[in-house]
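Read the structure below first, then the notes.
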Amino acid sequence: MSTAILTGLPPVGSSLEDDLRSLGFDVRAAADAAGTAAALAAVPAAERVALVDARFVGHLHALRLALTDPRFPAAAVEGALTAQPEARGALTRALATVTDADPGEGLPDVLAPRLEADGVGVHRPDLGVLVATVPADADVRAKAEGDVAAVDDEAVRLRAAVKSRDGFFTTYCVSPYSRYLARWCARRGLTPNQVTTASLLTALIAAGCAATGTRPGFVAAGVLLILSFVLDCTDGQLARYSLQYSTLGAWLDATFDRAKEYAYYAGLAVGAAHGGGSDDVWALALGAMVLQTCRHVVDFSFNEANHDATANTSPTAALSDKLDSVGWTVWARRMIVLPIGERWALIAVLTALTTPRIVFSALLVGCALAACYTTAGRVLRSLTRKAHRTDRAARALADLADSGPIAELAAKAAARRPGGGATAPVLALAGAGLLLVQLWWHPEPGWWPVLGAGLYVLFAGAAVARPLKGPLDWLVPPVFRAAEYLTILVLAAHSGGSGALPAAFGLVAAVAYHHYDTVYRIRGGSGAPPHWLVRAIGGHEGRVLAVTIAAALWHNQGFTIALTALAVALALAVLSESIRFWVSSGAPAVHDETGEPA
């Protein structure tokens, strides 16, 4: 329960008390500043408290935005102010500065700037056409009430439930009706986390249908995958519609998207095998997962490198911004990167009409073109912009690199050499190139790949020996990801052991989860996973060495067993630590309101 304190006397006929109760507030009244202070002191310290001017006139949704959003320690609109438990102390101090001579009715507007002066961030929601005001007299009040009646705040609320920036398929084929599904869920007391879980279960059932390898199963899988995506859109719209944001919900939404997509890949690969295919479809499925994950790492690394860069200007970026604001180029640019809506629609339609091999082939071609387009654009931006990157950005890139103890030793040795020489991305590309060339020449199990892995370790350590502040240093993490994932893929594909590719799929899925977990922790401002975990799972270079050595020591089924054991051990380690962190009280909230395609 939260408590709202009405300051002053409400006009006759005011529905303000009923409105506040409908938002879940226990309403109390206070005549002046002293009475407000006494009422505030009586509210338990663990509760949210709101101060509302009794003369307030406005839309119910304006009050909802100002008083119930859990993401901010304090928020205010004209005539209303709220404080979460962490801001209650500052509110009490601010209230103590109000003298008895000050009018109690104006307290919310008086206190909001005093909270900010005390270091509390006061969120002021963008109300748009919604009304929130404190009329000075009866005439102004009558006009404000007319303005309230002229705007349907429920229609505004529904529109605001949809992301302001999203893909073409989501915007025109899903959101026009999913917002009403979100409202239906809200009116029945369903939470976003429940809808998120329903989306995951639907996708898993779709994967099971695809695994049957039959045409009816493939058709059902395609339909269920689209339904899962509709629910995936609905959970976010429900959160925005009802302001039911939570740390756990943000984490579930972020990680379940990848779990659903990759589980569906596995279902298609199993279905291909049941339909008379061979294990090579697993190679296509693993290739699709590798490519999609590396695309995301490019996005994350570039954004983190430029998150707080100063003097961040570029003619390429200016052209991009111009194209993003006019006509058909907006949608063309959003569709060409194959965001999650377009990607899932493509997968669903091709699943229903064709074969898993065609699904993965089309997906690889589409994602490869999208990756070339986005990466080339970001390289051009980086080369043409003049930016000074911060220590925070360098630290984030180092964390995304995921270097283990062996690379750390190599980095210390490289750091003792005089400055200058090759830049970090050149060193990373050289190490990855040497490793992949060895795998190309000697793909069969043996010791040549181990030699390539050893050279890779040395170059990987040298790449991160100095702070990653160069214009293209954001390329280092995705290069490491590609090297690690492709090493596992190539060795499994050529091992000759039955089940090696499915085991490799599981291993890459476990490692990819660790890398996504790292991204979302950094986005939330809590830094990378604990160093002991990174060291325990070897870092990217340690895992590359481990897999190449396992391939050299054990052949056929032995290598499959080694990959399976490594996948299980990594999954247990990263999942247990990740779940412990994200359900803890100190976990950050990671809400993606940008609408950037996933």
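The values are calculated or read from the model by the stated rules, or taken from the named source; none is laboratory data. Because the structure is a prediction, the values reported are computed rather than measured. Positions of Cβ are backbone-derived with ideal geometry, glycine not excepted, and every protein chain shown enters the neighbour counts. Only protein heavy atoms, including side chains, enter the accessible area calculation; ligands, DNA and RNA are left aside. Shrake-Rupley method; radii C 1.70, N 1.55, O 1.52, S 1.80 Å.
So the values come out like this:
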{"quantity": "The stretch 73-100 residues that are at pLDDT 95 or above, paired with ones that are open to solvent by less than 20 Å² (accessible area, probe 1.4 Å) and of a type in the set (S, T, N, Q) (beta carbon under 7 Å, 6 or more apart)", "calculated": "ALA74/THR82; ALA75/THR82"}
{"quantity": "Qualifying residue in the stretch 325-337 (condition: surrounded by 20 or more Cβ atoms within 10 Å (Cβ to Cβ) and either touching a helix residue (DSSP H, G or I) at 6+ places or on another chain (Cβ under 8 Å) or at pLDDT 85 or above (or both))", "calculated": "yes"}
{"quantity": "In the stretch 572-582, the residues that are touching a residue at least 60 places away in the same chain (Cβ under 8 Å) and either open to solvent by 30 Å² or more (accessible area, probe 1.4 Å) or not in a helix (DSSP H, G or I) (or both)", "calculated": "LEU575"}
{"quantity": "Filter pass, GLY454 being on the phi > 0 side of the Ramachandran plot and surrounded by fewer than 22 Cβ atoms within 10 Å (Cβ to Cβ)", "calculated": "no"}
{"quantity": "Complete set of residues in the stretch 553-566 that are in a helix (DSSP H, G or I) and open to solvent by 10 Å² or more (accessible area, probe 1.4 Å)", "calculated": "LEU553, GLN557, GLY558, THR560, ILE561, ALA562, THR564, ALA565, LEU566"}
{"quantity": "ASP253 being over 21 Å from SER164 (Cα atoms), in contact with a helix residue (DSSP H, G or I) (Cβ under 6 Å, 6 or more places away or on another chain), modelled with pLDDT under 90 and charged (D, E, K, R)", "calculated": "no"}
{"quantity": "Boolean, LEU486 is open to solvent by 30 Å² or more (accessible area, probe 1.4 Å), modelled with pLDDT of 95 or more and under 30 Å from ARG392 (Cα atoms)", "calculated": "yes"}
{"quantity": "Residue check, ILE549 assigned to a helix (DSSP H, G or I) and farther than 14 Å from GLU304 by Cα", "calculated": "yes"}
{"quantity": "Sole exception among (1) part of a loop (DSSP other than H, G, I, E, B); (2) among the aliphatic types (A, V, I, L, M); (3) at pLDDT 90 or above for ALA432, by number", "calculated": "(1)"}
{"quantity": "Exclusive hit being charged (D, E, K, R), touching a Pro at 6+ places or on another chain (Cβ under 8 Å), more than 26 Å from GLY446 (Cβ to Cβ) and open to solvent by 10 Å² or more (accessible area, probe 1.4 Å), set ARG535, ARG521", "calculated": "ARG535"}
{"quantity": "In the stretch 37-72, the residues that are open to solvent by 20 Å² or more (accessible area, probe 1.4 Å), charged (D, E, K, R) and at pLDDT 90 or above", "calculated": "GLU47, ARG48, ARG55, ARG64"}
{"quantity": "The stretch 1-20 residues that are within 16 Å of GLY106 (Cβ to Cβ), paired with ones that are in a strand (DSSP E or B) and open to solvent by 40 Å² or more (accessible area, probe 1.4 Å) (beta carbon under 9 Å, 6 or more apart)", "calculated": "ILE5/ARG28; ILE5/ALA29; LEU6/ARG28; LEU6/ALA29; THR7/ALA29; GLY8/ALA29; LEU9/ALA29; PRO10/ALA29"}
{"quantity": "Yes/no for LEU434 being free of Cβ contacts under 8 Å to residues at least 40 places away in the same chain, open to solvent by less than 40 Å² (accessible area, probe 1.4 Å) and on the phi < 0 side of the Ramachandran plot", "calculated": "no"}
{"quantity": "Per-region count, the stretch 382-397, residues open to solvent by 30 Å² or more (accessible area, probe 1.4 Å) and small (Gly, Ala, Ser)", "calculated": "0"}
{"quantity": "Filter pass, PRO192 being of a type outside the set (Asp, Glu), open to solvent by less than 40 Å² (accessible area, probe 1.4 Å), touching a residue at least 24 places away in the same chain (Cβ under 8 Å) and closer than 14 Å to VAL230 by Cα", "calculated": "yes"}
{"quantity": "Flag if VAL511 is open to solvent by less than 20 Å² (accessible area, probe 1.4 Å), in a helix (DSSP H, G or I) and more than 29 Å from TRP440 (Cα to Cα)", "calculated": "no"}
{"quantity": "Helices (runs of 4 or more DSSP H) fully within the stretch 62-164 counting 1 or more residues that are β-branched (Val, Ile, Thr) and within 15 Å of VAL49 (Cα to Cα)", "calculated": "88-96"}
{"quantity": "Qualifying residues in the stretch 6-31 (those that are assigned to a strand (DSSP E or B) and open to solvent by 70 Å² or more (accessible area, probe 1.4 Å)) - the one nearest to ASP69 (Cα to Cα)", "calculated": "ARG28"}
